[in-house]
Amino acid sequence: MVMRRVAIVGVGMTEFGEHWEMGFRELVAQAGLRAIEDAKLAGVKIDALYGGTMAAGRLIGQEHITALIADYMGLNPIPATRVEAACASGGVALRQGYMAVASGMHDIVVVGGAEKMTDVPVSDAAVALGGAGDQEWELFMGATFPALYALMARRHMYEYGTKEEELAQVAVKNHYNASKNKYAQFKSPVSLETVMGSKVIADPLKLFDCSPISDGAAAVVLAPMEMARQFTDTPVEIIASAQASDTLALSSRKSLTELRATKVAAKKAFELAHITPGDVDVCEVHDCFTIAEIMAIEDIGFFPKGKGGKATMDGETALNSTISINTSGGLKGCGHPVGATGVKQAVEITWQLRGEAGDRQVKNAEIGMTHNVGGSGATCVVHIMRRAD
Amino acid sequence: MTGTGLALTWRRIPERYNLIGSRCENCGEAFFPVRTICPNCRRRGRIKREAFSGNGKIYSYTFVTSPPTGFELEAPYIMAVIELEEGAKVTAQLVDTDYEKVKIGAPVKMVFRKIQEEGKEGLIHYGFKFKVVD
């Protein structure tokens, strides 16, 4: 089957953080309008909308959420489809939009991701997020998401000698990157001592090992490559889209120190793009917890298994080093409005490949990558992008 | 409060009270919780229910200090992944055990405990936890 080449022609996002002044519909409208204005779409028909959100039903009591987005973006009556894959909802929505354009079904597609998380108490948000794991056999027993990632961290430390300081360094790096991002929830750098001294949430993970509860939205506009230059001088081509699944329950897996879905999706994406991990200049990985970034950079193939912590400590993942990881600040520093995250990753990579990332610009960035995980790894979706000029 | 509800609680009693899992007689792999389709053998699989012994060892663990809604009275508590002697792994709390004795590889056995209760007049949910065997 011949697939069309697909480009990102417009991007936009809200600032991530606690938006007590804005509800879900205001957030998606702001991000969506910014993306549409960025794409200079005036007078052009938008054919379809794909929206990623994880838990609107639990967090704001609202289902049927993508019809609501189309409504508040003034896009009725175009088809509007919700995609849910826990924390990977945004990335999987992007993949649905990509497939719709690549297949020829639609030309101009808007992909949005959003979550409004601060309208409920934090403990209720934790229960809603727990639904990303196995409700009946993990959350029922008292395993929160920090606990599930702590179980992975403990085992990684046991098998590979990974140190708590190496986990902490992920947070230090990502907060530093976030301090250069005006959209980030946290704009202050933090020290290793601050991270190591923060309150224990689920040993060995501390407060600063965990991504925050956030509100926010992000959006991208997709078009067939042959139409892209109508809208932008700097199209960013999506050269690979890959997705994989794994068991919902952590305890059903053979290994707790790798995410099989990441390995499968990343391998497939590199095959589709005809590149190797070493060709990637900048990558947004899913660092919902610091251990998640260490496993991601190993499972994608940037570093050998068990060496991710040391590589991080040695500065190999810092801005403009061996491989620039999470220039936006990641989920840790930029914030994690769950459904928005996968789309935000694509927004950041687009800015990087266009050379519009300001103080956090990766020099001569040509190939970028996004890695978005649902739950404790039951979904992983990976995209590879290339500057198209 | 999750994984609760009257019919669900009744339906899960064998697995939660007595650690009833399943095993595929075709490939021999043990599963917990119960599966109806073997992921290795699929249509060739022959899944049978099996009562697991409750003996195992700690595969990984964490000390939870920030509990979710419904576990406020339990906190702080120890969560662990237990590797059962039958080969399947389960996620459960560790109780009646000093934290110093909690190590990867430490032998454990299943105990029957209260897991959650839904307020003063709601259902009380029971099930398995584990303790380190001296």
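The values are calculated or read from the model by the stated rules, or taken from the named source; none is laboratory data. Note that the structure is a prediction, hence the values are computed from the model and not measured. Glycine gets a Cβ as well: all are built from the backbone with ideal geometry, and neighbour counts include every protein chain shown.
Some observations on this one:
- Evaluation of B:I58 against (1) within 11 Å of chain A (Cβ to nearest Cβ); (2) out of contact with any helix residue (DSSP H, G or I) (no Cβ under 9 Å at 6 or more places or on another chain); (3) within 24 Å of A:E159 (Cβ to Cβ); (4) assigned to a loop (DSSP other than H, G, I, E, B) (one fails), failing number: (4)
- Matching helices (runs of 4 or more DSSP H) fully within segment A:1-90 where at least 1 residues are closer than 21 Å to A:A132 by Cβ and among the polar types (S, T, N, Q): A:65-72
- For segment A:367-378, the criterion of being buried (at least 24 other Cβ atoms within 10 Å of the Cβ), in contact with a Leu (Cβ under 8 Å, 6 or more places away or on another chain), over 30 Å from A:K254 (Cα atoms) and assigned by TED's automatic domain parsing to the domain that holds A:P189 is satisfied by at least one residue.
- Some residue of segment A:170-184 being within 13 Å of another protein chain (Cβ to nearest Cβ) and within 27 Å of B:K89 (Cβ to Cβ): no
- Qualifying residue in segment A:78-91 (condition: away from every other protein chain (no Cβ under 14 Å), β-branched (V, I, T), surrounded by fewer than 24 Cβ atoms within 10 Å (Cβ to Cβ) and more than 20 Å from the chain's Cα centre (by Cα)): yes
- Qualifying residue in segment A:283-291 (condition: more than 24 Å from A:E15 (Cα to Cα), within 14 Å of another protein chain (Cβ to nearest Cβ), in contact (Cβ under 8 Å) with a residue 12 or more places away in the chain and touching a helix residue (DSSP H, G or I) at 6+ places or on another chain (Cβ under 6 Å)): yes
- Taken residue by residue, segment B:6-22 has at least one member that is in contact with a helix residue (DSSP H, G or I) (Cβ under 6 Å, 6 or more places away or on another chain) and within 14 Å of chain A (Cβ to nearest Cβ).
- Residue check for A:G358: out of contact with any strand residue (DSSP E or B) (no Cβ under 6 Å at 6 or more places or on another chain), touching a residue at least 40 places away in the same chain (Cβ under 8 Å) and either among the acidic types (D, E) or surrounded by fewer than 24 Cβ atoms within 10 Å (Cβ to Cβ) (or both): yes
- For the residues A:T162, A:T144, the requirement of being of a type in the set (S, T, Y) and facing chain B (nearest Cβ under 9 Å) singles out A:T144.
- Number of positions in segment B:109-134 that are basic (K, R) and part of a loop (DSSP other than H, G, I, E, B): 1
- Contact annotation: residue pairs with Cβ atoms under 7 Å, 6 or more positions apart or on different chains, pairing a residue in segment A:313-325 that is among the hydroxyl-bearing types (S, T, Y) with a partner that is outside any loop (DSSP other than H, G, I, E, B), are A:T317/A:K173; A:T317/A:I297; A:T317/A:A311; A:T317/A:I325; A:S324/A:V282.
- Filter result (more than 9 Å from chain A (Cβ to nearest Cβ) and hydrophobic (A, V, I, L, M, F, W, C)) within segment B:91-106: B:L94, B:V95, B:V102, B:A106
- If you filter segment A:53-71 down to residues that are under 21 Å from the mean Cα position of the chain (by Cα) and polar (S, T, N, Q), you find that the one that is surrounded by the fewest Cβ atoms within 10 Å (Cβ to Cβ) is A:T66.
- If you go through segment B:65-90 and pick out every residue that is part of a loop (DSSP other than H, G, I, E, B), more than 7 Å from chain A (Cβ to nearest Cβ), surrounded by 19 or more Cβ atoms within 10 Å (Cβ to Cβ) and among the hydrophobic types (A, V, I, L, M, F, W, C), you end up with 1.
- Considering residues of segment A:1-35 that are within 20 Å of the chain's Cα centre (by Cα) and among the acidic types (D, E) only, the residue surrounded by the fewest Cβ atoms within 10 Å (Cβ to Cβ): A:E18
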